[in-house]
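So the structure is just underneath, and the comments pick up after that.
The values are calculated or read from the model by the stated rules, or taken from the named source; none is laboratory data. Small disclaimer: the values here were computed from a predicted structure and weren't measured. A quick note on method: Cβ atoms are made from the backbone with ideal geometry, for glycine too, and the neighbour counts reach across all protein chains shown.
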Amino acid sequence: MSVDNYNKRVDSISRFIFRGADALLLSHPLRTTIGMLAGACLKVLADFFEPSLSRMSWVEVEGHDLWKFLVLGVGLAHLRTIVEMIRTRPKFDESIEKAFSVIREAERQGVPKWRIREMYLEVCRMALANVHLKKENQKRVDVA
């Protein structure tokens, strides 16, 4: 694997991790809170029923820390989010996606429609300004 391919792969993995952290912490704070509460409740229930559960050979409750139950609760609460994140790939560059989310938030806050259109146009202009053409396509543009 070449260095360039390796860097692209690491970049895509880190982007995926950051999207996941963003989804957990910023996009769905209520789900995260509910998941943490559910995990804490699971820990309390596991500790309460530990004598009964320890008789079953296939269930091992003893020795699990609170953080494991919290991770389980948050994971279950965000199961739909995780599946959506894996299924859908971003259509645009990360900075453009972020700009679109800011514009959508401004729209929810009641910014006038004409201003929203201007904001979308500005994002499009900035995206087009950052487009780098391959050398063969650049020659075609220069000739025309």
Requested in this report: Return the residue satisfying two criteria in turn: it lies in region 1-56 and is among the aromatic types (F, W, Y) and in a helix (DSSP H, G or I), and of such residues it is modelled with the highest pLDDT.
Outcome: F48
Requested in this report: Give me a count of the residues in region 71-121 that are closer than 24 Å to T33 by Cα, touching a residue at least 40 places away in the same chain (Cβ under 8 Å) and assigned to a helix (DSSP H, G or I).
Outcome: 7
Report task. Among the residues of region 50-82, write down those that are among the polar types (S, T, N, Q) and surrounded by 15 or more Cβ atoms within 10 Å (Cβ to Cβ). Result -> T81
Query raised in the report: Which members of region 122-132 meet the condition of being part of a helix (DSSP H, G or I) and either closer than 23 Å to D11 by Cβ or in the same structural domain as R15 (by TED's automatic domain parsing) (or both)?
Result: V123, M126, A127, L128, A129
**Report entry** Extreme residue, farthest from E50 (Cα to Cα), among residues of region 64-102 that are polar (S, T, N, Q) and modelled with pLDDT under 85
**Finding:** S95
Query raised in the report: Being within 22 Å of the chain's Cα centre (by Cα), outside the structural domain of Y120 (by TED's automatic domain parsing) and not basic (K, R), is that true of even one residue in region 39-61?
Result: yes
Report task. May I ask you to list pairs of residues, at least six apart or on different chains, whose Cβ atoms are under 9 Å apart, with the first in region 1-21 being surrounded by fewer than 10 Cβ atoms within 10 Å (Cβ to Cβ) and the second being of a type outside the set (F, W, Y) and not in a loop (DSSP other than H, G, I, E, B)? Result -> M1/R9
